[in-house]
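What follows is one structure encoded as structure tokens, with my remarks underneath.
The values are calculated or read from the model by the stated rules, or taken from the named source; none is laboratory data. Keep in mind it's a predicted model, so treat the numbers as computed, not measured. In this analysis, Cβ positions are derived from the backbone assuming ideal geometry, glycine residues included, and neighbour counts consider all displayed protein chains.
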Amino acid sequence: MGKNNITVREMTYDDIDEVLRIENNSFSDAWSREAFEYSINAEYDYTIVAEYDGEIAGYAMLRSSIDTADITNIAVDEKKRRKGIAYELMKSLLAYGYSTGVTTYALEVRSHNYAAIRLYEKFGFEIVGIRKNYYSNPVENGLLMIRGTI
């Protein structure tokens with residue numbers, strides 16, 4: 001599944017070094033190696049990477065519970081942004097979720113991450129709440145966004 005030179009596939013242990021590089025360059029409060037290892041193995045997690053021209057360019061993660069799911073993490077290498085990679089990752093997460101019975105999705109995003117907010121809105125997510133001081137380093141509000149049944 002993909003667009004142009006983008007291929008989306010499930011994440012493996014061999015991907016973690018590259019995923020951690022992207023994670024650490026994207027977020028000041030980055031996830032640990034153990035968190036990614038846990039997610040790869042977790043029964044209710046779906047972890048994917050996007051390759052662009054054969055190199056890992058981004059990743060995304062979904063944690064589901066019956067008919068709801070949280071998009072827990074999504075990032076794209078800063079040198080490969082604005083090429084449709086995040087869009088393909090989101091499309092893959094939602095398609096997987098729907099195939100397993102998910103009808104409602106939730107996520108949190110930094111209130112000043114306008115590019116991510118626009119992406120989520122393209123997929124029908126709506127801001128339904130503010131989580132005060134949700135993020136640290138720097139402290140920032142998180143926006144709670146929901147996408148319900150279409």
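Some points to look at:
- All strands (runs of 3 or more DSSP E) inside segment 1-92 with 1 or more residues being of a type in the set (D, E, K, R) and farther than 22 Å from Tyr120 by Cβ: 6-10, 45-52, 55-65
- Within segment 55-75, tally of residues that are over 19 Å from Gly142 (Cα atoms), among the β-branched types (Val, Ile, Thr) and surrounded by 18 or more Cβ atoms within 10 Å (Cβ to Cβ): 1
- Filter result for Asp53 (out of contact with any Ser or Thr (no Cβ under 9 Å at 6 or more places or on another chain), charged (D, E, K, R) and touching a residue at least 40 places away in the same chain (Cβ under 8 Å)): yes
- The single residue among Asn25, Asn41 that is modelled with pLDDT under 95 and under 26 Å from His112 (Cβ atoms) turns out to be Asn25.
- Scanning segment 33-54 for residues that are in contact with a Phe, Trp or Tyr (Cβ under 9 Å, 6 or more places away or on another chain) and of a type in the set (S, T, N, Q), we see that the one that is surrounded by the fewest Cβ atoms within 10 Å (Cβ to Cβ) is Ser39.
- A search for C-beta distances below 8 Å between a residue of segment 122-136 that is within 25 Å of Tyr87 (Cβ to Cβ) and any residue that is among the β-branched types (Val, Ile, Thr), counting only pairs 6+ apart in sequence or on different chains, returns Gly124/Ile150; Phe125/Ile146; Glu126/Ile146; Ile127/Ile117; Val128/Ile146.
- Residues that are under 13 Å from Arg147 (Cα atoms), in a helix (DSSP H, G or I) and under 15 Å from the mean Cα position of the chain (by Cα), drawn from segment 96-135: Gly97, Ile117, Leu119, Tyr120, Glu121, Lys122
- Within segment 7-32, being closer than 11 Å to Ile56 by Cβ, surrounded by fewer than 12 Cβ atoms within 10 Å (Cβ to Cβ) and not acidic (Asp, Glu) holds for one residue alone: Thr12.
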